[in-house]
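The values are calculated or read from the model by the stated rules, or taken from the named source; none is laboratory data. Owing to the predicted nature of the structure, the values given are computational and were not obtained by experimental measurement. Ideal geometry is used to build each Cβ from the backbone, glycine not excepted, and the neighbour counts take in all protein chains shown.
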C-alpha cells in the first residue's frame, strides 16, 4: 500500500470520533522512530503514529554524536536508513584502554582492541545525532508513519478488558490504539502512568558531552581513559574532530560548567592530552546526571517500554542507545509475527514474549556497567593494581578480546532478525 493511501486509511473517521491506530509511539527520539519504522517496514498495513512533546524542528539543534554498534547498523541497513547516515559516519577502527590518574605524565595502555568484528565491518561507527534522527524520520515518512511534534500523551486507559487503549493527547484529541509504546526517556511519564516501578540509584556523577577539534587526525581510534572520578572517552568523528564523554563527580562537573572557557580548557587538556595536538571545544558543552534505572516490568496489556524508558545505564560501555535499538528490533519482530498469525498485537501474552527477550539482557548490561563504574571510578591502590593486571591479561587473550568486541558490537546472544541484517 502506498504511504499516502495508508495514511488516509489511518486517519479516515467520522468527525469528532477518536483516531484509530494499531500502534501509537510516545517519543520521537531514535528508539521511538526506529520502533515505528521497523514495524511499518515489515507490516505496511498497520496504522502507526509517533507523538512527541518537543517543538517541531528542535531535533535539528542536537550537535552531539552517538556510537552505533555493528548489529544496530545491520538493522538500519535492512530498513534502508544507513545509506543516508554513512556519509557522516566515522568508523571506530581501534580502541585503547588506559588506567591512570589525572596528573600522571604517562598513561600506559593496558588493553587494545582491533575495531573489526569481520573483515571490512567495524564494531561501531560514530554518527551525528541530527543525521541519525533525520534518516529515521525520512524512513517513517516513506512508510506512512505520521510524526507529530508538540503533542504528548497526557493520559491513557483500557476502558474495557481486551478493548483498545484510549489515549488522551495534550492537544485535546483522543486516540484509540491496540498498542501504546513508551519511548519517552529515562524519566518516562508513561511508565509512571502505567504503574511500573523501577530500580534506581544515583552515581553522584555527571556526564559532560562536547565536540573537540584537534590538529592531528585520530585515525579512527577511540580511547577510554579510566580516571579516579570516572571514565573519560574520546570517540572519533569525521575530520579532525572527536566527541568526548567525560564522567566527573557532580560537584566538579557543576564547577567546570560554571567556569570560564580558559579554566575548562585547562582541565580538559589534562584529561584529553596533547597527542592530537592543540585542542578546542566546538559548540556547546552539555552535562547530564548519571545513574542506573531499570524498570521492574517492561509491559502491561497494550503497553510496552523501549529504550531509556525501560533502562538507563552508565555510558561506560557506550551501550545505552544500542540497547534501545535492540528493543526496537525485538518489539517489531514480536508485533509483526503476532499480526501475521492473526493474533491481537496488544495482548499481554504477546508482549510478554518481548519482555522475556529483552529484560535479562538489559538487566545484565545494567549490572555490568554498574560494576565497571564502581571498579574503575576510584583511586584505591590495591584495587588499581588488581584491575590493571586484569586488563593486561585480557590484552594477551585473543579469544577474550574477540568476546568483548562481539559484546560491544551487539552480536552476542539471541539477536532479533533485524540485528542480524535479516528482514522480519
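Against the conditions (1) closer than 24 Å to residue 380 by Cα; (2) touching a residue at least 24 places away in the same chain (Cβ under 8 Å); (3) more than 21 Å from the chain's Cα centre (by Cα), residue 252 satisfies every one except (2).
Checked against (1) surrounded by 22 or more Cβ atoms within 10 Å (Cβ to Cβ); (2) outside the structural domain of residue 172 (by TED's automatic domain parsing), residue 104 passes all but a single condition, namely (1). For segment 89-105, residues that are more than 23 Å from residue 77 (Cα to Cα) and touching a residue at least 60 places away in the same chain (Cβ under 8 Å) total 9.
Could you pull out every one of the helices (runs of 4 or more DSSP H) wholly within segment 1-114 that has 1 or more residues that are at pLDDT 85 or above?
It comes to 30-42, 70-79, 82-85.
Within segment 116-127, the set of residues being crowded, with 20+ Cβ neighbours inside 10 Å and assigned to a loop (DSSP other than H, G, I, E, B) comprises just one member, 123. Among residues of segment 263-280 that are within 13 Å of residue 225 (Cα to Cα), those with a beta-carbon under 6 Å from a residue that is surrounded by fewer than 16 Cβ atoms within 10 Å (Cβ to Cβ) at least six positions away or on a different chain give the pairs 270/102.
When residue 262 is tested against the conditions (1) in a strand (DSSP E or B); (2) farther than 23 Å from residue 97 by Cα, the lone failure is (1). Counting only strands (runs of 3 or more DSSP E) that sit completely within segment 153-210, those holding 3 or more residues that are touching a strand residue (DSSP E or B) at 6+ places or on another chain (Cβ under 8 Å) and surrounded by fewer than 19 Cβ atoms within 10 Å (Cβ to Cβ) correspond to 153-157.
Condition first: under 30 Å from residue 352 (Cβ atoms), touching a strand residue (DSSP E or B) at 6+ places or on another chain (Cβ under 7 Å) and assigned to a strand (DSSP E or B). Can you find one or more residues in segment 214-225 that meet it? No.
Listed residues 150, 144; which is within 24 Å of residue 39 (Cβ to Cβ), surrounded by fewer than 20 Cβ atoms within 10 Å (Cβ to Cβ) and either in contact (Cβ under 8 Å) with a residue 60 or more places away in the chain or in the same structural domain as residue 167 (by TED's automatic domain parsing) (or both)?
On the way: 144 fails: surrounded by fewer than 20 Cβ atoms within 10 Å (Cβ to Cβ).
The conditions single out 150.
Can you confirm whether residue 189 is within 21 Å of the chain's Cα centre (by Cα), free of Cβ contacts under 8 Å to residues at least 60 places away in the same chain and more than 19 Å from residue 321 (Cα to Cα)? Answer is yes for this residue. Scanning segment 38-65 for residues that are in contact with a strand residue (DSSP E or B) (Cβ under 7 Å, 6 or more places away or on another chain) and more than 28 Å from residue 336 (Cα to Cα) turns up 54, 55, 56, 63, 64, 65. In summary, residue 257 fulfils each of the numbered conditions (1) within 26 Å of the chain's Cα centre (by Cα); (2) part of a helix (DSSP H, G or I); (3) under 24 Å from residue 99 (Cβ atoms) with the single exception of condition (3).
Residues in segment 265-314 that are over 16 Å from residue 210 (Cα atoms) and in a helix (DSSP H, G or I): 307, 308, 309.
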